Amino acid sequence: MEEEHILQFANLSGDHNPLHVDAAFAATTNFSARIAHGAYQFGLASAMAGMYLPGQYSLLTTVECKFLEPLYFPARVRVSGRVAAWNAETQSGRLIVTVTTLKDDCRVSEFLIRFGLSDPRAETQSRTQSEPVAAQVGGETTGKVILVTGASGGIGQYLCDSLKGNFQIISLIRRADGQGTVSEETADSTIVADLEIGQWRAELADTLAGRSLYAVVHAAWPGMPRGGLINSTEDILDRQVRFGINTTLELARALTEFAPKSGGRLIAIGSTLGSHHPNPAVAAYSLGKAALENTIRLVAPELAAKKILANVVAPSLLPVGINRQMGQRQQQLEQARIPLARLCSPEDLCGTVDFLLSEQSAFMTGQVLKLTGGEI
(Lines give C-alpha, C1' and ligand atoms only; values in the text may rest on other atoms or scores of the structure.)
Protein backbone atom coordinates (compact mmCIF):
# COMPACT_ATOMS: atom_id res chain seq x y z
CA MET A 1 0.00 0.00 0.00
CA GLU A 2 1.90 3.03 -1.32
CA GLU A 3 1.23 6.77 -1.28
CA GLU A 4 0.09 6.67 -4.90
CA HIS A 5 -2.67 4.19 -4.01
CA ILE A 6 -4.06 6.50 -1.31
CA LEU A 7 -3.92 9.54 -3.60
CA GLN A 8 -5.61 7.61 -6.42
CA PHE A 9 -8.37 6.61 -4.02
CA ALA A 10 -8.76 10.23 -2.90
CA ASN A 11 -9.18 11.33 -6.52
CA LEU A 12 -11.67 8.56 -7.32
CA SER A 13 -13.78 9.07 -4.20
CA GLY A 14 -13.43 12.83 -3.92
CA ASP A 15 -12.31 12.46 -0.30
CA HIS A 16 -9.31 14.79 -0.09
CA ASN A 17 -9.35 15.11 3.69
CA PRO A 18 -5.88 16.46 4.55
CA LEU A 19 -5.41 13.81 7.22
CA HIS A 20 -5.06 11.37 4.33
CA VAL A 21 -3.38 13.43 1.60
CA ASP A 22 -1.49 16.33 3.23
CA ALA A 23 1.64 15.23 5.11
CA ALA A 24 2.24 18.69 6.63
CA PHE A 25 -1.31 18.89 7.98
CA ALA A 26 -1.26 15.32 9.33
CA ALA A 27 1.98 16.07 11.19
CA THR A 28 0.11 18.66 13.29
CA THR A 29 -2.52 16.14 14.44
CA ASN A 30 -2.37 13.53 17.18
CA PHE A 31 -1.69 10.94 14.45
CA SER A 32 1.61 12.68 13.50
CA ALA A 33 1.44 11.31 9.96
CA ARG A 34 -1.03 10.53 7.19
CA ILE A 35 -3.35 7.55 7.58
CA ALA A 36 -5.36 5.56 5.05
CA HIS A 37 -9.06 6.26 4.54
CA GLY A 38 -11.45 3.95 6.34
CA ALA A 39 -13.28 3.54 3.03
CA TYR A 40 -10.03 2.47 1.39
CA GLN A 41 -9.71 -0.31 3.96
CA PHE A 42 -13.30 -1.34 3.31
CA GLY A 43 -12.38 -1.52 -0.36
CA LEU A 44 -9.85 -4.20 0.56
CA ALA A 45 -12.57 -6.10 2.42
CA SER A 46 -14.93 -5.71 -0.51
CA ALA A 47 -12.28 -7.13 -2.83
CA MET A 48 -11.99 -10.15 -0.54
CA ALA A 49 -15.75 -10.71 -0.68
CA GLY A 50 -16.19 -10.07 -4.39
CA MET A 51 -13.11 -11.82 -5.74
CA TYR A 52 -12.22 -14.58 -3.31
CA LEU A 53 -14.55 -15.40 -0.43
CA PRO A 54 -17.38 -16.04 -1.18
CA GLY A 55 -16.45 -14.90 -4.71
CA GLN A 56 -17.91 -13.57 -7.94
CA TYR A 57 -21.57 -14.34 -7.17
CA SER A 58 -21.53 -12.50 -3.84
CA LEU A 59 -23.83 -9.54 -3.28
CA LEU A 60 -23.20 -7.47 -0.16
CA THR A 61 -26.27 -6.49 1.87
CA THR A 62 -25.01 -4.84 5.06
CA VAL A 63 -21.60 -4.03 6.53
CA GLU A 64 -20.41 -3.25 10.06
CA CYS A 65 -16.97 -1.60 10.23
CA LYS A 66 -14.56 -1.38 13.15
CA PHE A 67 -11.40 0.70 12.81
CA LEU A 68 -9.18 -0.51 15.62
CA GLU A 69 -5.88 1.29 14.90
CA PRO A 70 -4.74 3.97 12.43
CA LEU A 71 -3.31 2.51 9.23
CA TYR A 72 -0.18 4.43 8.27
CA PHE A 73 1.34 4.19 4.81
CA PRO A 74 3.37 3.03 3.05
CA ALA A 75 2.70 -0.40 4.51
CA ARG A 76 2.21 -4.02 3.62
CA VAL A 77 -1.03 -5.50 4.89
CA ARG A 78 -2.67 -8.89 5.03
CA VAL A 79 -6.38 -9.15 4.25
CA SER A 80 -7.94 -12.27 5.77
CA GLY A 81 -11.50 -13.54 5.58
CA ARG A 82 -13.64 -16.36 6.89
CA VAL A 83 -17.27 -17.29 6.40
CA ALA A 84 -18.73 -17.08 9.91
CA ALA A 85 -22.24 -18.21 9.00
CA TRP A 86 -24.00 -19.73 6.00
CA ASN A 87 -27.68 -20.50 5.34
CA ALA A 88 -27.98 -22.93 2.45
CA GLU A 89 -31.75 -22.47 2.16
CA THR A 90 -31.60 -18.72 1.57
CA GLN A 91 -28.14 -18.72 0.00
CA SER A 92 -26.98 -16.00 2.40
CA GLY A 93 -24.30 -15.71 5.03
CA ARG A 94 -21.91 -13.64 7.06
CA LEU A 95 -18.25 -12.94 6.32
CA ILE A 96 -15.64 -11.55 8.71
CA VAL A 97 -12.69 -9.76 7.08
CA THR A 98 -9.68 -8.35 8.94
CA VAL A 99 -6.88 -6.06 7.76
CA THR A 100 -3.55 -6.59 9.54
CA THR A 101 -0.17 -4.88 9.07
CA LEU A 102 2.62 -7.35 8.30
CA LYS A 103 5.38 -5.36 10.01
CA ASP A 104 4.01 -5.57 13.55
CA ASP A 105 1.08 -7.98 13.04
CA CYS A 106 -1.36 -5.29 14.19
CA ARG A 107 -5.02 -5.72 13.30
CA VAL A 108 -6.15 -2.29 12.14
CA SER A 109 -9.70 -2.93 10.98
CA GLU A 110 -12.44 -5.54 10.99
CA PHE A 111 -15.52 -5.85 8.79
CA LEU A 112 -18.65 -7.91 9.40
CA ILE A 113 -20.25 -8.38 5.99
CA ARG A 114 -23.64 -9.96 5.36
CA PHE A 115 -24.03 -11.22 1.83
CA GLY A 116 -26.31 -13.06 -0.53
CA LEU A 117 -25.61 -14.65 -3.89
CA SER A 118 -26.52 -13.20 -7.27
CA ASP A 119 -26.29 -16.59 -9.02
CA PRO A 120 -29.10 -16.43 -11.60
CA ARG A 121 -29.78 -20.15 -11.63
CA ALA A 122 -33.47 -20.91 -11.15
CA GLU A 123 -32.73 -23.32 -8.32
CA THR A 124 -31.02 -20.62 -6.28
CA GLN A 125 -33.74 -18.08 -7.04
CA SER A 126 -36.44 -20.44 -5.88
CA ARG A 127 -34.64 -21.01 -2.60
CA THR A 128 -34.02 -17.33 -1.90
CA GLN A 129 -37.57 -16.32 -2.78
CA SER A 130 -39.35 -19.07 -0.88
CA GLU A 131 -41.44 -18.17 2.15
CA PRO A 132 -40.45 -19.51 5.58
CA VAL A 133 -42.31 -22.47 7.01
CA ALA A 134 -45.06 -21.14 9.25
CA ALA A 135 -46.19 -22.38 12.64
CA GLN A 136 -49.68 -23.80 13.07
CA VAL A 137 -52.03 -22.33 15.66
CA GLY A 138 -55.40 -23.98 16.05
CA GLY A 139 -55.32 -24.98 12.41
CA GLU A 140 -54.45 -21.44 11.28
CA THR A 141 -51.08 -20.31 9.99
CA THR A 142 -49.36 -17.48 11.88
CA GLY A 143 -45.71 -17.59 10.79
CA LYS A 144 -44.79 -15.23 13.64
CA VAL A 145 -41.26 -15.50 14.99
CA ILE A 146 -40.33 -14.76 18.60
CA LEU A 147 -36.89 -14.36 20.15
CA VAL A 148 -36.69 -15.60 23.76
CA THR A 149 -33.58 -14.50 25.65
CA GLY A 150 -32.36 -16.44 28.66
CA ALA A 151 -34.08 -19.45 27.13
CA SER A 152 -32.02 -22.02 29.01
CA GLY A 153 -32.89 -20.55 32.43
CA GLY A 154 -35.78 -21.70 34.56
CA ILE A 155 -38.17 -18.96 33.45
CA GLY A 156 -36.93 -19.03 29.86
CA GLN A 157 -37.56 -22.75 29.49
CA TYR A 158 -41.13 -22.37 30.74
CA LEU A 159 -41.71 -19.51 28.32
CA CYS A 160 -40.36 -21.45 25.34
CA ASP A 161 -42.47 -24.46 26.23
CA SER A 162 -45.57 -22.29 26.59
CA LEU A 163 -45.08 -20.43 23.32
CA LYS A 164 -43.83 -23.24 21.10
CA GLY A 165 -47.25 -24.29 19.80
CA ASN A 166 -48.23 -20.81 18.69
CA PHE A 167 -45.03 -19.28 17.35
CA GLN A 168 -41.71 -20.07 15.76
CA ILE A 169 -39.22 -19.80 18.62
CA ILE A 170 -35.63 -18.58 18.34
CA SER A 171 -33.98 -19.21 21.69
CA LEU A 172 -30.95 -17.21 22.77
CA ILE A 173 -28.71 -18.84 25.36
CA ARG A 174 -25.36 -17.77 26.70
CA ARG A 175 -23.59 -21.13 26.66
CA ALA A 176 -23.81 -24.55 25.08
CA ASP A 177 -21.93 -26.57 27.70
CA GLY A 178 -24.77 -28.83 28.73
CA GLN A 179 -25.54 -26.89 31.92
CA GLY A 180 -28.26 -24.89 30.20
CA THR A 181 -29.83 -26.19 27.01
CA VAL A 182 -32.99 -25.83 24.97
CA SER A 183 -34.44 -28.89 23.27
CA GLU A 184 -35.30 -28.99 19.59
CA GLU A 185 -38.91 -29.74 20.60
CA THR A 186 -39.06 -26.42 22.48
CA ALA A 187 -37.25 -24.06 20.08
CA ASP A 188 -37.09 -24.03 16.28
CA SER A 189 -33.54 -22.66 16.36
CA THR A 190 -31.00 -21.61 18.97
CA ILE A 191 -28.42 -18.82 19.10
CA VAL A 192 -25.49 -19.26 21.48
CA ALA A 193 -24.29 -15.74 22.25
CA ASP A 194 -23.65 -13.25 25.02
CA LEU A 195 -26.21 -10.42 25.10
CA GLU A 196 -23.58 -8.16 26.62
CA ILE A 197 -21.52 -8.45 23.41
CA GLY A 198 -23.01 -6.94 20.26
CA GLN A 199 -22.31 -9.86 17.91
CA TRP A 200 -25.63 -11.55 18.79
CA ARG A 201 -27.45 -9.20 16.43
CA ALA A 202 -25.56 -10.58 13.45
CA GLU A 203 -26.39 -14.11 14.59
CA LEU A 204 -30.06 -13.11 14.86
CA ALA A 205 -30.07 -11.69 11.34
CA ASP A 206 -28.59 -14.91 9.97
CA THR A 207 -31.08 -17.06 11.89
CA LEU A 208 -34.05 -15.00 10.71
CA ALA A 209 -32.83 -15.45 7.14
CA GLY A 210 -35.16 -12.82 5.75
CA ARG A 211 -38.11 -13.49 8.07
CA SER A 212 -39.56 -10.72 10.21
CA LEU A 213 -39.36 -10.81 14.01
CA TYR A 214 -42.72 -10.33 15.70
CA ALA A 215 -41.60 -10.20 19.32
CA VAL A 216 -38.77 -10.30 21.82
CA VAL A 217 -39.48 -11.92 25.19
CA HIS A 218 -36.54 -10.83 27.32
CA ALA A 219 -36.03 -13.26 30.22
CA ALA A 220 -32.23 -13.16 30.50
CA TRP A 221 -30.58 -11.61 33.55
CA PRO A 222 -27.00 -11.72 34.91
CA GLY A 223 -27.78 -13.31 38.28
CA MET A 224 -28.90 -11.91 41.63
CA PRO A 225 -25.84 -10.71 43.58
CA ARG A 226 -26.49 -10.38 47.29
CA GLY A 227 -25.61 -7.39 49.45
CA GLY A 228 -26.29 -3.69 49.76
CA LEU A 229 -25.21 -0.93 47.42
CA ILE A 230 -22.36 0.46 49.52
CA ASN A 231 -20.48 -2.84 49.60
CA SER A 232 -21.28 -3.78 46.00
CA THR A 233 -18.36 -3.54 43.61
CA GLU A 234 -18.46 -1.16 40.68
CA ASP A 235 -18.44 -4.11 38.28
CA ILE A 236 -21.52 -5.67 39.91
CA LEU A 237 -23.46 -2.41 39.91
CA ASP A 238 -22.44 -1.54 36.38
CA ARG A 239 -23.39 -4.95 35.03
CA GLN A 240 -26.84 -5.01 36.65
CA VAL A 241 -27.73 -1.48 35.58
CA ARG A 242 -26.27 -1.83 32.08
CA PHE A 243 -28.24 -5.02 31.58
CA GLY A 244 -31.40 -3.22 32.61
CA ILE A 245 -30.75 -0.26 30.31
CA ASN A 246 -28.26 -0.94 27.51
CA THR A 247 -29.12 -4.56 26.81
CA THR A 248 -32.82 -3.78 26.81
CA LEU A 249 -32.26 -0.93 24.36
CA GLU A 250 -30.19 -3.15 22.07
CA LEU A 251 -33.08 -5.62 21.96
CA ALA A 252 -35.46 -2.76 21.20
CA ARG A 253 -33.19 -1.59 18.37
CA ALA A 254 -33.02 -5.10 16.95
CA LEU A 255 -36.80 -5.35 17.05
CA THR A 256 -37.20 -2.06 15.17
CA GLU A 257 -34.86 -3.44 12.51
CA PHE A 258 -36.56 -6.81 12.04
CA ALA A 259 -40.21 -6.28 13.04
CA PRO A 260 -42.88 -6.36 10.31
CA LYS A 261 -44.62 -3.14 9.27
CA SER A 262 -47.72 -4.33 11.11
CA GLY A 263 -45.85 -3.99 14.42
CA GLY A 264 -44.58 -6.24 17.16
CA ARG A 265 -44.04 -6.76 20.87
CA LEU A 266 -41.20 -6.22 23.34
CA ILE A 267 -41.88 -8.00 26.64
CA ALA A 268 -39.31 -7.77 29.41
CA ILE A 269 -39.42 -10.00 32.47
CA GLY A 270 -38.93 -7.80 35.50
CA SER A 271 -39.48 -8.41 39.20
CA THR A 272 -41.51 -6.97 42.05
CA LEU A 273 -38.09 -6.46 43.66
CA GLY A 274 -37.59 -3.63 41.17
CA SER A 275 -39.72 -0.53 41.78
CA HIS A 276 -42.53 -2.27 43.69
CA HIS A 277 -40.60 -3.77 46.61
CA PRO A 278 -36.86 -3.01 46.28
CA ASN A 279 -34.89 -5.27 48.61
CA PRO A 280 -31.68 -3.99 50.28
CA ALA A 281 -30.47 -7.59 50.61
CA VAL A 282 -30.20 -7.77 46.80
CA ALA A 283 -29.83 -4.05 46.19
CA ALA A 284 -27.90 -4.18 42.90
CA TYR A 285 -30.48 -6.60 41.46
CA SER A 286 -33.35 -4.33 42.57
CA LEU A 287 -31.60 -1.34 41.03
CA GLY A 288 -31.09 -3.16 37.73
CA LYS A 289 -34.70 -4.34 37.54
CA ALA A 290 -35.95 -0.83 38.35
CA ALA A 291 -33.75 0.47 35.53
CA LEU A 292 -35.29 -2.14 33.23
CA GLU A 293 -38.81 -0.95 34.08
CA ASN A 294 -38.03 2.70 33.43
CA THR A 295 -36.19 1.87 30.21
CA ILE A 296 -39.30 0.13 28.89
CA ARG A 297 -41.52 3.01 30.01
CA LEU A 298 -39.32 5.56 28.25
CA VAL A 299 -38.72 3.61 25.05
CA ALA A 300 -42.39 2.63 24.63
CA PRO A 301 -43.45 5.97 23.05
CA GLU A 302 -40.61 5.70 20.53
CA LEU A 303 -41.50 2.12 19.63
CA ALA A 304 -45.18 3.04 19.32
CA ALA A 305 -44.33 4.99 16.17
CA LYS A 306 -43.47 1.63 14.61
CA LYS A 307 -46.55 -0.09 16.13
CA ILE A 308 -44.35 -2.00 18.57
CA LEU A 309 -45.78 -2.41 22.07
CA ALA A 310 -43.35 -2.57 24.99
CA ASN A 311 -44.29 -3.80 28.47
CA VAL A 312 -42.80 -5.40 31.57
CA VAL A 313 -44.16 -8.43 33.40
CA ALA A 314 -42.96 -8.21 37.01
CA PRO A 315 -43.68 -11.43 38.91
CA SER A 316 -43.24 -11.83 42.63
CA LEU A 317 -41.15 -14.76 43.80
CA LEU A 318 -41.13 -17.68 41.37
CA PRO A 319 -39.69 -20.96 42.72
CA VAL A 320 -37.70 -21.50 39.49
CA GLY A 321 -34.57 -20.10 37.89
CA ILE A 322 -32.35 -18.22 40.34
CA ASN A 323 -34.82 -19.04 43.14
CA ARG A 324 -34.82 -22.80 42.58
CA GLN A 325 -32.49 -23.42 45.53
CA MET A 326 -34.88 -21.78 47.99
CA GLY A 327 -35.86 -24.07 50.86
CA GLN A 328 -39.42 -25.16 51.60
CA ARG A 329 -39.62 -23.14 54.82
CA GLN A 330 -38.59 -19.94 53.06
CA GLN A 331 -41.16 -20.59 50.34
CA GLN A 332 -43.83 -21.02 53.02
CA LEU A 333 -42.83 -17.71 54.62
CA GLU A 334 -43.06 -15.94 51.27
CA GLN A 335 -46.41 -17.57 50.56
CA ALA A 336 -47.82 -16.39 53.91
CA ARG A 337 -47.35 -12.76 52.81
CA ILE A 338 -49.53 -13.17 49.72
CA PRO A 339 -53.31 -12.67 50.06
CA LEU A 340 -54.01 -15.37 47.45
CA ALA A 341 -52.04 -17.73 49.72
CA ARG A 342 -49.77 -19.13 47.03
CA LEU A 343 -46.61 -18.24 45.17
CA CYS A 344 -46.62 -16.88 41.66
CA SER A 345 -46.32 -19.81 39.25
CA PRO A 346 -44.65 -20.12 35.84
CA GLU A 347 -48.14 -20.57 34.40
CA ASP A 348 -49.16 -17.17 35.81
CA LEU A 349 -46.18 -15.57 34.12
CA CYS A 350 -46.66 -17.39 30.80
CA GLY A 351 -50.36 -16.53 30.73
CA THR A 352 -49.57 -12.84 31.11
CA VAL A 353 -46.96 -13.03 28.35
CA ASP A 354 -49.52 -14.79 26.11
CA PHE A 355 -51.93 -11.91 26.72
CA LEU A 356 -49.32 -9.29 25.83
CA LEU A 357 -48.50 -11.14 22.61
CA SER A 358 -52.16 -11.25 21.61
CA GLU A 359 -54.35 -8.68 19.90
CA GLN A 360 -56.28 -8.26 23.16
CA SER A 361 -53.38 -6.11 24.42
CA ALA A 362 -53.26 -3.92 21.30
CA PHE A 363 -53.69 -0.65 23.25
CA MET A 364 -51.36 -1.51 26.13
CA THR A 365 -47.79 -0.23 26.06
CA GLY A 366 -45.29 1.28 28.49
CA GLN A 367 -46.81 -0.63 31.42
CA VAL A 368 -45.45 -2.76 34.26
CA LEU A 369 -47.80 -5.67 34.98
CA LYS A 370 -47.15 -6.78 38.57
CA LEU A 371 -48.02 -10.35 39.49
CA THR A 372 -48.29 -9.92 43.26
CA GLY A 373 -51.23 -12.11 44.23
CA GLY A 374 -52.72 -9.10 46.01
CA GLU A 375 -49.64 -8.20 48.05
CA ILE A 376 -49.43 -4.44 48.57
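The values are calculated or read from the model by the stated rules, or taken from the named source; none is laboratory data. Just so it is clear, the model here is predicted, and its values are computed rather than measured. Cβ atoms come from the backbone with ideal geometry, glycine included; neighbour counts cover every protein chain shown.
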Among the numbered criteria (1) farther than 26 Å from residue 198 by Cβ; (2) aliphatic (A, V, I, L, M); (3) in contact with a strand residue (DSSP E or B) (Cβ under 8 Å, 6 or more places away or on another chain), which one does residue 59 miss?
(1)
Would you please name the residue that is nearest to residue 146 (Cα to Cα), looking only at residues in the range 225-254 that are of a type in the set (Val, Ile, Thr) and touching a residue at least 24 places away in the same chain (Cβ under 8 Å)?
248
Quick check: anything in the range 293-306 among the small types (Gly, Ala, Ser), at negative phi and surrounded by 13 or more Cβ atoms within 10 Å (Cβ to Cβ)?
yes
Any idea which residue in the range 134-160 is surrounded by the most Cβ atoms within 10 Å (Cβ to Cβ), counting only those that are modelled with pLDDT under 90 and not in a loop (DSSP other than H, G, I, E, B)?
154
Could you tell me which of the residues 59, 53, 71 is buried (at least 17 other Cβ atoms within 10 Å of the Cβ) and either touching a His at 6+ places or on another chain (Cβ under 8 Å) or assigned by TED's automatic domain parsing to the domain that holds residue 109 (or both)?
71
Is it the case that the range 319-342 has a residue that's under 31 Å from the mean Cα position of the chain (by Cα), at pLDDT 90 or above and either among the small types (Gly, Ala, Ser) or over 26 Å from residue 244 (Cβ atoms) (or both)?
no
Could you count how many residues in the range 14-24 are under 21 Å from residue 99 (Cα atoms) and surrounded by fewer than 13 Cβ atoms within 10 Å (Cβ to Cβ)?
0
Select from the range 1-25 the residues that are at pLDDT 95 or above and touching a strand residue (DSSP E or B) at 6+ places or on another chain (Cβ under 8 Å) and write down the one among them that is farthest from residue 77 (Cα to Cα).
19
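A quick yes/no check of all residues on (1) within 17 Å of residue 374 (Cα to Cα); (2) in a helix (DSSP H, G or I):
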{"site": "310", "(1), (2)": "no, no"}
{"site": "314", "(1), (2)": "yes, no"}
{"site": "318", "(1), (2)": "yes, no"}
{"site": "334", "(1), (2)": "yes, yes"}
{"site": "340", "(1), (2)": "yes, no"}
{"site": "344", "(1), (2)": "yes, no"}
{"site": "349", "(1), (2)": "yes, yes"}
{"site": "352", "(1), (2)": "yes, yes"}
{"site": "356", "(1), (2)": "no, yes"}
If you check 353, 299, which single one turns out to be in the same structural domain as residue 145 (by TED's automatic domain parsing) and touching a residue at least 60 places away in the same chain (Cβ under 8 Å)?
353
Looking at the range 361-376, which of its residues are loosely packed, with under 14 Cβ neighbours inside 10 Å and modelled with pLDDT of 95 or more?
362, 363
Among the residues of the range 67-113, what is the count of those that are farther than 30 Å from residue 29 by Cβ and of a type in the set (Gly, Ala, Ser)?
6
Only one of 271, 286 that is under 18 Å from residue 369 (Cα atoms) and in contact with a Leu (Cβ under 7 Å, 6 or more places away or on another chain):
286
